[in-house]
């Protein structure tokens with residue numbers, strides 16, 4: 001084997017064995033961001049499950065309106081989960097992916113029983129606000145680390161959660 005091929009082979013095996021990531025963000029900051037994103041993923045997934053549950057179980061005079069609204073909302077949340085998990089992976093860490101992990105990491109508590117339609121709306125307002133707070137808690141470390149992809153993801157998600165919370169609050173007025 002030539003010297004150049006030997007160096008290339010050595011370099012490739014070194015990269016694969018150590019998982020060295022050199023993207024301009026320190027290991028410590030990548031870990032802190034990934035930890036925050038893991039909480040954010042858990043909150044998002046928990047809110048997705050809650051919204052889907054409410055879609056299935058809503059009753060009352062607002063049934064059709066809420067059933068359709070909840071479907072739109074849980075679909076949007078479902079589509080948000082993958083980019084969050086993939087950002088954690090891009091930072092070099094495993095993404096949580098079990099109910100047990102999500103229950104441990106989420107700031108959102110699941111409701112007991114089947115709430116009334118109005119209680120469902122109020123719980124979803126609190127859920128979207130909780131996800132927004134979790135997103136904000138990660139933002140400063142992402143900014144300090146010049147982690148624009150994470151900051152962009154958080155900014156987009158904040159806009160959606162704040163707008164959804166506002167729309168849901170409007171139903172309670």
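All of the numbers you see were taken from the coordinates with simple rules; none came from a lab. Just so it is clear, the model here is predicted, and its values are computed rather than measured. A quick note on method: Cβ atoms are made from the backbone with ideal geometry, for glycine too, and the neighbour counts reach across all protein chains shown.
Please give the helix 148-172 orientation as an angle from the longest Cα principal axis of the chain, in degrees from 0 to 90, rounded to the nearest 10.
Compared with the principal axis, the helix lies near 0 degrees.
How do the peptides 148-156, 29-37 rank, highest first, by the average count of neighbouring beta carbon atoms within 10 Å per residue?
Descending packing order for the listed peptides: 29-37, 148-156.
Using the alpha-carbon atoms, what tilt in degrees (0 to 90, nearest 10) does helix 117-144 show relative to the longest principal axis of the chain?
20 degrees
To the nearest 10 degrees, how steep is helix 27-57 against the longest Cα principal axis of the chain, on a 0 to 90 scale?
Here the helix axis deviates by roughly 30 degrees.
In Å, what is the Rg of the alpha-carbon atoms in region 25-172, and how long is Dmax?
15.7, 54
State the extension gain, in nm to one decimal, for the chain segment bounded by residue 101 and residue 163, taking 0.36 nm per residue of separation less the distance between their alpha-carbons.
19.5 nm
Provide the FRET efficiency to the nearest 0.05 for the residue 122-residue 89 pair, computing r from the beta carbons and using R0 = 35 Å. Intermediate results must be reported in sequence, preceding the final value.
Details: r = 35 Å, r/R0 = 0.99.
FRET efficiency, residue 122 to residue 89: 0.50.
What's the exposure ranking of 170, 107, going from fewest to most Cβ atoms within 10 Å? All intermediate terms of the calculation are to be shown ahead of the outcome.
On the way: 170 10, 107 15.
Listing 170, 107 from fewest to most nearby Cβ atoms yields 170, 107.
With a cut-off of 8 Å between alpha carbons and a minimum separation of six or more residues, what is the relative contact order of region 84-173 in percent? Write out the running numbers ahead of the final one.
On the way: 52 pairs, mean separation 29.4, N = 90.
Relative contact order comes out at 33 percent.
Please list, in order, the residues from region 23-54 whose amide nitrogen is less than 19 Å from a point placed 7 Å along the Cα→Cβ vector of residue 146.
Correct set: 23-34.
So if each residue of separation counts as 0.36 nm, and I subtract the Cα-Cα distance between residue 67 and residue 170, what length gain in nm does that give? The partial results should precede the final answer.
Numbers: separation 103, 0.36 × 103 = 37.08 nm, distance 1.65 nm.
Once the chain is fully extended between residue 67 and residue 170, it gains 35.4 nm.
Restricting to DSSP H runs of at least four residues, report the calculated mean residue ellipticity at 222 nm for the chain, -39500 (n - 2.57) per run over all residues, nearest 500 deg cm²/dmol.
For the chain, the value works out to -27500 deg cm²/dmol.
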